[in-house]
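Below is one structure, written out as structure tokens, with a few remarks after it.
The values are calculated or read from the model by the stated rules, or taken from the named source; none is laboratory data. Just so you know, these numbers come straight off a predicted model, no measurement behind them. Every residue, glycine among them, receives a Cβ derived from its backbone with ideal geometry; neighbour counts consider all protein chains shown. SASA here: full protein model, heavy atoms, side chains in, ligands and nucleic acids out. Shrake-Rupley method; radii C 1.70, N 1.55, O 1.52, S 1.80 Å.
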Amino acid sequence: MAERPSTARGPIEEDYPRTLAEFEARFSSEAACQEYLRRLRWPDGFRCSKCGGDRSWPTGRGGVVECASCHRQTSITAGTVFQDTRKPLVLWFRAMWWMTNQKPGASALGIQRAMGLGSYETAWTWLHKLRRAMVRPDRDQLSGEVEVDETFVGGLERGGGRRHVGSKALVAIAAEIRGSGIGRIRMKRVCDSSAASLQPFVKSALAPGSTAITDGLLSYVGLASAGYHHDRRILLGSGQTAEAVLPGVHRVASLLKRWLLGTHQGAVSREHLDYYLDEFTFRFNRRTSGNRGKLFYRLIQQAVSASPAPYAKLRAGTGRGPQPVVGT
């Protein structure tokens, strides 16, 4: 008999565990995890990628369904972060729950110990696969009043001036200002503090018509002609500190460095830093969520939509710039 996804539990958007007890009761079997992934992958019902058919049946091989029209067999993990995994989905689900339900996140060593994984390398690979799923390509840009600035990860080096990168990493930060608070953020590692590096970041992070609040760095000159309201605050001679003029981004930078140092002991390689920035952004932008189970749901939802990432590609990192190890 052809099978359609069950809707017995109601809308998938509201279907996630609220507590550890609920999680353990819900996802204690491989079949339960497969069913959850199936509903997330095909929320409106099965759709064959070959013929477009909307009817399927299980093949008897866990997580594989067959199209009733063209008989193409599809694994629910194919084309997702979980593709080609040799570990049970039960373990993946536990790792995602552990990763999202701890406020400071989790390190690879912590995941290895908590999950009983055989190697640090496996835990490291899992976390990097999941970090790649934390950013949606179609996410909304920031809007309204947005502070923009840069910070070093690794601290300043002697010589070269305040904006000299050297062996450190320079991170551009944009933070929405909502009254006395901070809204959403965006972060990206940039090569340097030139206009060629910073203006593309602003254009990718901020919606046209937004107000970009920056310091007096000349690299930001030209944002007004690019469709932004530019509130340029020159520090020299003002008697104010950078923290007082741009408090939002400096608060975010401080929290980022504390997180890197606390959760990851500052041992983050520069070629992989972008993905740690993605995780920090994912957490920060959902910090007011009413239930951390919602973060678990969002991560799995995006992991189903994200492309597979082979181990060799993960090890290579972003491939941008030199690759020394940096601390905080």
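Check off (1) at pLDDT 90 or above; (2) within 26 Å of residue 131 (Cβ to Cβ); (3) of a type outside the set (D, E, K, R) for residue 31 and give me the number that stays unchecked.
(2)
Looking at the stretch 126-142, I want the residues that are more than 22 Å from residue 105 (Cα to Cα) and open to solvent by 10 Å² or more (accessible area, probe 1.4 Å) and have a partner that is in a loop (DSSP other than H, G, I, E, B) and among the aliphatic types (A, V, I, L, M) with Cβ atoms under 8 Å, at least 6 apart or on another chain. Which pairs are those?
That search, which allows pairs on different chains as well, returns 140/207; 141/207.
Take the stretch 264-300 and flag every residue that is of a type in the set (S, T, N, Q) and in contact with a helix residue (DSSP H, G or I) (Cβ under 8 Å, 6 or more places away or on another chain).
Residue satisfying the conditions is 289 alone.
Taking the criterion of being touching an Asp or Glu at 6+ places or on another chain (Cβ under 7 Å) and open to solvent by 20 Å² or more (accessible area, probe 1.4 Å), would at least one residue in the stretch 242-261 satisfy it?
yes
What number of residues within the stretch 195-240 are in contact with a His (Cβ under 9 Å, 6 or more places away or on another chain) and either open to solvent by less than 40 Å² (accessible area, probe 1.4 Å) or within 26 Å of residue 169 (Cα to Cα) (or both)?
9
Looking at (1) part of a loop (DSSP other than H, G, I, E, B); (2) open to solvent by less than 30 Å² (accessible area, probe 1.4 Å), which is the only condition residue 85 fails?
Checking residue 85 against (1) part of a loop (DSSP other than H, G, I, E, B); (2) open to solvent by less than 30 Å² (accessible area, probe 1.4 Å), the one that fails is (2).
Specify the residue that is modelled with the lowest pLDDT; the eligible residues are those in the stretch 271-326 that are within 17 Å of the chain's Cα centre (by Cα) and of a type in the set (Phe, Trp, Tyr).
Ranking the qualifying residues of the stretch 271-326, first place goes to 275.
Can you tell which of 209, 155 is out of contact with any strand residue (DSSP E or B) (no Cβ under 7 Å at 6 or more places or on another chain), at pLDDT below 90 and not polar (S, T, N, Q)?
Being out of contact with any strand residue (DSSP E or B) (no Cβ under 7 Å at 6 or more places or on another chain), at pLDDT below 90 and not polar (S, T, N, Q) holds for just one of 209, 155, which is 155.
Give the residue that is nearest to residue 152 (Cα to Cα), with candidates limited to residues of the stretch 266-318 that are open to solvent by 50 Å² or more (accessible area, probe 1.4 Å) and of a type in the set (Gly, Ala, Ser).
Ranking the qualifying residues of the stretch 266-318, first place goes to 267.
Can you find even one residue in the stretch 98-112 that is in contact with an Asp or Glu (Cβ under 8 Å, 6 or more places away or on another chain) and either surrounded by 14 or more Cβ atoms within 10 Å (Cβ to Cβ) or not hydroxyl-bearing (Ser, Thr, Tyr) (or both)?
Yes, because at least one residue in the stretch 98-112 is in contact with an Asp or Glu (Cβ under 8 Å, 6 or more places away or on another chain) and either surrounded by 14 or more Cβ atoms within 10 Å (Cβ to Cβ) or not hydroxyl-bearing (Ser, Thr, Tyr) (or both).
Take residue 118 and decide whether it is surrounded by fewer than 19 Cβ atoms within 10 Å (Cβ to Cβ) and over 25 Å from the mean Cα position of the chain (by Cα).
yes
Those residues that are crowded, with 16+ Cβ neighbours inside 10 Å and in contact with an Asp or Glu (Cβ under 7 Å, 6 or more places away or on another chain), I need them from the stretch 18-77; list them, please.
Within the stretch 18-77, 46, 56 qualify.
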